[in-house]
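First the structure, in the form of structure tokens, and then the observations on it.
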Amino acid sequence: MVKTDKFKSKTQTPSLTNGDTKKKLTVSSDPGTTDPALMEFFKGELKDIYWAENHLVEVLPKMIEAATTDTLAKAISSHLKETLEHVSRIERVFDLLGEKHQAKKCDAMEGITKEGDGILEETEAGSSTRDVGIIMASQKVEHYEIATYGGLIQLANVLGLSEAVDLLSQTLLEEKRSDENLTAISVNDINYRASAE
Ligand code: FE
Ligand code: FE
């Protein structure tokens, strides 16, 4: 996560009128604000999700391998392909900003995926209960991503970065679809089988 203290002072501009000491955003005429602190914050969050997506590229194969049903393994495999695209979309946003492709460790995603490892240890290989656990862990991942991309899109909008909005929106849509697909697999198939085990 981004440390906020270093951004505080940058949002303060000297007050020249009427004793108005409130924080001011430096707003360009168009498009969007050019507030440097907000832009730094956006870049920081981008580095965070860049780490998270790269981390998922490393850990998803283990989940595919561990899944009991073909349906779940295939769903995660196809999302792994999308995840590679998520990585490259973030790189395109870095390029738009003239920034290096730099990752910053995402403690939240590390924690969520550690929890996923724990589920594999606690459930039996070949059981439907394992799939239930993998689905829960995967949906926690998707929800974190959905929250992050939702926030990044809002920020990109405010900053007037329309190409970034487009790129990040494509990814957000895929995260939402993946989440819905996992729900469908769980409702239609896995939960039923696990309850019969
Ligand atoms: Fe993703
Ligand atoms: Fe995802």
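We did not get these values from a lab; they are worked out from the coordinates using the rules stated. Note that the structure is a prediction, hence the values are computed from the model and not measured. Using ideal geometry, Cβ is built from the backbone for each residue, glycine included, and neighbour counts are taken over all protein chains shown.
Points worth noting:
- Dividing the Cα radius of gyration of the range 40-195 by 2.2 N^0.38 Å, with N the residue count, gives 1.08.
- R0 of 22 Å, Cβ-Cβ distance Glu99-Lys176: FRET efficiency to nearest 0.05: 0.25
- Across the range 150-181, no residue has a backbone nitrogen under 16 Å from the label position 7 Å along the beta-carbon direction of Leu84.
- Shown is the FRET efficiency for Asp117 and Thr34, computed with R0 = 35 Å from the Cβ-Cβ distance and rounded to the nearest 0.05: 0.25.
- Summary value for the range 40-195: 29 percent relative contact order, contacts being C-alpha pairs under 8 angstrom separated by 6+ residues.
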